[in-house]
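A short write-up of the structure that comes next.
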Amino acid sequence: MLNDLFPNVKMDDMWEATRETFYMISISVIGTIIFGVLLGLLLFLTAQGNLWQNRWINGFVATIVNVFRAIPFIILILLLFPFTDFLIGTIRGWEAALPALIIGAAPFYARLVEIALKEVDKGVIEAAKAMGATGRTIIFKVLLPESMPALISGITVTAIALIGYIAIAGLIGAGGLGDLAYMQGFQRRDFDVVFACTIFIVVIVFIFQFIGDILSKTIDKR
Amino acid sequence: MIEIKQLTKLYKTKHQQVQAVDDISLNINKGEIFGVVGYSGAGKSTFIRLINRLEEPTSGTIKINDKDITTMAQSKLRKERQKFGMIFQHFNLLWSRTIYDNIAFPLEIAGVPKNKRKEKVLELINLVGLSGREKAYPSQLSGGQKQRVGIARALANDPDVLLCDEATSALDPETTDDILDLLVSINKKLGLTIILITHEMHVIQKICHRVAVMEKGKVVETGNVLEVFVKPQSKTTKRFVQQLNPLEQQQEAIQSFINSRDDSEVIKLHFIGNSTRRALISEISKKYDVDINILQGSISPTQEGAYGTLFFEINGQKDVIHDAIKYIQASGVEVEVLKHVE
């Protein structure tokens, strides 16, 4: 029955592509969390009236974040070819997609991190200061834990955007489900392959949304 | 113990300057509960934040136990802040931590090892009457319970001073009284100096030993609570004191008793401290040939003793009334004869 509906779909290829997609998601999400949280913290802490208030650093980081957020992803990949080649040693395969994915998603997540941190009660930060907390303590024991639900729902949204980016990266040979849908599906006019890839991607998105929602809910004690 | 000299805080924005705290000099003694009262915008919040330098003073000095806070380097200041506990109007607990972990937080900051933390936290939870709720999260507690956690947290590092920033303003009257009782018992048990700011005169009356009244960044009046309540000097203080004393607002009710006749007077008495215990009216009515009609009266307790007012109508011969008034004056109770106004 499945063979009738999807005559051209080879399950081996599908699993292979799904595995590549998962690799790309996992590593790019981790990279996005690291750089996004760093940039987000920097944006928040250097803003007016905050811990490391500094107009120049704030302006500088904000500009970088805005510029990279403004570049369409497909163009960002092309622009980053020399950098990718230098860093990974190739511009093909799923590994080569990682720098573009992280550089594309981290600034987006950084803004979400900044918003999450802004939501942290100023009074709680003040209370920590009154107890003699250092900047480090305030960051790791107040700001990050208190904004955790928003940080998690932010990374969920970003991860789903990343799944979209990964499919785009597939168009220029990054592997994964996007690649499979384009190369084996669209190019050969085997639309059942395109359709099967779509179903897989939608399922992956659902899984991520589900995990994100549950995590965010269990961690939220408000 | 705390010496504040010519403390000033100036906020500058592009368009205006705001003198939030204007040349305040105060001395706060060890072990006392010192209240600062004022309407919103009077600068009380800024004032209390200057004491542990959550706000940087523009000029002036603050000395605690002869150590100058105002010139201290940041790293030393952070250490010193552990000697100040602070509680807040909105409690400012970390919602992501349990009650236990909230109280343990200042100990973590002070670098107390884990096994020693446990003992201290459980002791504090017991002190504020929250035993058994260690594992609850702040969202599961009522306002009064949250403030108890706030107090326990503030006491974790055995501070010398407790700063209370409108600590009861978000609580209902009954819970307010519970929290105030807790503060008094801590003050007595631990000999802790407490500085509190509030806009509720009731709080001052109930627990403070001394009070400063603030208006537009300045201290307009300061003194023992009893003194300030009985003889308020400034206009703002009078308004605050009247708030507490419903009789002051009901003076019209007495107006109909006041007349210009010689054989009838309406008299207001101010009792302070021990004189509130004296049966003065009954003494007069036995001693002098006068009739006394009590109109209204009230009595209020403070930490420094009680004070009260009494309005009564006295009828009798002019010179007998005069003698009776003299007798009351001689007893140390303040007398005010309310005159008829045409």
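The values are calculated or read from the model by the stated rules, or taken from the named source; none is laboratory data. A quick note: this is a predicted structure, and the numbers were derived from the prediction, not measured. With ideal geometry, Cβ positions are generated from the backbone for all residues, glycine too; neighbour counts draw on all protein chains shown. Side chains included, ligands, DNA and RNA excluded: accessible areas come from the protein's heavy atoms. Shrake-Rupley method; radii C 1.70, N 1.55, O 1.52, S 1.80 Å.
Counting Cβ atoms of other protein chains within 10 Å of each residue's Cβ and taking the mean over peptide A:114-125 gives 2. Amide H contacts under 5 Å for B:Thr302: B:Tyr307, restricted to partners 5 or more places along the chain or on a different chain, H placed in the peptide plane at 1.01 Å from N. Estimated from helical segments only, the mean residue ellipticity of chain B at 222 nm is -10500 deg cm²/dmol, where each DSSP H run of four or more residues counts as -39500 (n - 2.57). Between 0 and 90 degrees, rounded to the nearest ten: what's the tilt of helix B:318-330 against the longest Cα principal axis of chain B? The angle comes out at about 30 degrees.
How do B:116-123, B:176-183 rank on mean C-beta neighbours within 10 Å, highest first? Before the final figure, lay out the partial values.
Working: B:116-123: 15.4, B:176-183: 19.4.
Ranking the peptides B:116-123, B:176-183 by packing returns B:176-183, B:116-123.
On a 0 to 90 degree scale, rounded to 10, what angle separates helix A:191-219 from the longest Cα axis of chain A? Long axis of A:191-219 versus the principal axis of chain A: about 20 degrees.
Accessible area per residue for the stretch B:2-243 in Å², computed with a 1.4 Å probe and the full protein assembly in place, what is it? Please report the intermediate quantities before stating the final value.
Details: 10450 Å² over 242 residues.
Computed with neighbouring chains in place, this is 43 Å² per residue.
Let me have the relative contact order for the stretch B:48-200, percent, based on Cα pairs under 8 Å that are six or more residues apart. Display every interim value, and only then the final one.
Values: 201 pairs, mean separation 42.2, N = 153.
This gives 28 percent for the stretch B:48-200.
Give me the number: length gained by fully extending B:Thr58 to B:Ser169, i.e. 0.36 nm times residue separation minus the C-alpha to C-alpha distance, one decimal in nm.
Numbers: separation 111, 0.36 × 111 = 39.96 nm, distance 2.82 nm.
Between B:Thr58 and B:Ser169, full extension yields 37.1 nm more.
Rounded to two decimals, the Cα-based Rg/Rh of the protein assembly as shown, with Kirkwood Rh, is 1.20.
If you place +1 on the Cβ of every Lys and Arg and -1 on the Cβ of every Asp and Glu, how big does the dipole about the Cα centre of the stretch B:183-342 come out, in debye to the nearest 20? Kindly include the intermediate steps, with their values, before the conclusion.
On the way: 19 positive and 19 negative charges, 184 e Å.
Rounded to the nearest 20 debye, it is 880 debye.
Once you average over the residues of B:97-107, how many Cβ atoms of partner chains fall within 10 Å of each Cβ?
Numbers: counts 5, 1, 0, 0, 2, 1, 0, 0, 7, 6, 1.
Neighbouring Cβ atoms belonging to other protein chains average 2 per residue here.
Distance distribution note for the stretch B:247-338: the fraction of Cα pairs above 18 angstrom is 43%. Shown is the FRET efficiency for B:Lys339 and B:Lys216, computed with R0 = 35 Å from the Cβ-Cβ distance and rounded to the nearest 0.05: 0.55. Farthest towards the positive end of the charge dipole of the protein assembly as shown, among the residues B:Gln82, A:Phe210, A:Leu180, is the Cα of B:Gln82, using unit charges on the Cβ of Lys, Arg, Asp and Glu. Sequentially through the stretch B:88-101, phi angles give Karplus couplings (6.51, -1.76, 1.60; θ = phi - 60°) of 10, 4, 9, 6, 6, 7, 7, 5, 7, 10, 6, 3, 4, 5 Hz, Gly and Pro residues having no value and appearing as x. A dipole drawn for chain B from +1 and -1 charges on Cβ atoms has a positive end, and of B:Leu94, B:Val220, B:Ile151 the residue lying farthest that way is B:Leu94. Between A:Ala70 and A:Leu2, the simple spin-label model (points 7 angstrom out along Cα→Cβ) gives 4.8 nm. When +1 charges are put on Lys and Arg Cβ atoms and -1 charges on Asp and Glu Cβ atoms, the dipole computed for chain B relative to its Cα centre reaches about 1940 debye.
Just checking the output field for B:83-93: average partner chain Cβ neighbours within 10 Å of each residue's Cβ?
On the way: counts 1, 3, 2, 5, 2, 5, 1, 4, 4, 9, 4.
Partner Cβ neighbours, averaged per residue: 4.
Each other residue within a Cβ distance under 13 Å of B:Met1 adds +1 if Lys or Arg and -1 if Asp or Glu, for a net charge of +1.
Averaged across orientations, what area in nm² does the convex hull of the alpha carbons in chain B project?
Details: hull surface 88.1 nm².
Mean projected area of the Cα convex hull: 22.0 nm².
For the peptides B:67-77, B:159-169, the ranking by mean Cβ contacts within 10 Å, running from highest to lowest, is B:159-169, B:67-77. Cross-link reach is defined here as a Cα-Cα straight distance under 15 Å, omitting same-chain residues fewer than 8 places apart; for B:Lys318 the aspartates and glutamates meeting it are B:Asp262, B:Asp263, B:Glu265, B:Asp289, B:Asp291. Structure note, pairs B:Lys30/B:Lys189; B:Lys67/B:Lys118; B:Lys118/B:Lys189; A:Lys129/B:Lys216: Cα-Cα distances above 24 angstrom occur for B:Lys67/B:Lys118; A:Lys129/B:Lys216.
Please work out the FRET efficiency for the pair A:Thr63 and A:Gln209, using the Cβ-Cβ distance as r and a Förster radius of 41 Å; give the result to the nearest 0.05. Spell out each step's value before the answer.
Numbers: r = 32 Å, r/R0 = 0.78.
After rounding to 0.05, the efficiency reads 0.80.
Under a model in which nothing but the beta-carbon of Lys, Arg (+1) and Asp, Glu (-1) is charged, the protein assembly as shown shows a dipole of about 1460 debye around its Cα centre. Only DSSP H runs of four or more residues enter the estimate; each adds -39500 (n - 2.57), and after division by the residues of chain A the mean residue ellipticity at 222 nm equals -24000 deg cm²/dmol. Taking the C-alpha atoms only, the angle from helix A:11-45 to the longest principal axis of chain A is near 20 degrees.
So what is the relative contact order of chain A, in percent, for Cα pairs below 8 Å that sit 6 or more residues apart?
Dividing the mean separation by the residue count of chain A yields 27 percent.
Residue-wise HN-Hα couplings along the stretch B:48-56, as the Karplus relation 6.51 cos²θ - 1.76 cosθ + 1.60 with θ = phi - 60° gives them from phi, are 5, 6, 6, 5, 9, 6, 5, 10, 7 Hz; Gly and Pro carry x. What the phi angles of the stretch B:22-34 give under the Karplus curve with 6.51, -1.76 and 1.60, with θ = phi - 60°, is a coupling list of 10, 6, 9, 10, 8, 10, 10, 7, 5, x, 9, 9, 10 Hz, glycine and proline written as x.
In percent, how large is the relative contact order of the stretch B:247-338, given Cα pairs closer than 8 Å and 6 or more residues apart?
Working: 143 pairs, mean separation 35.7, N = 92.
The value is 39 percent.
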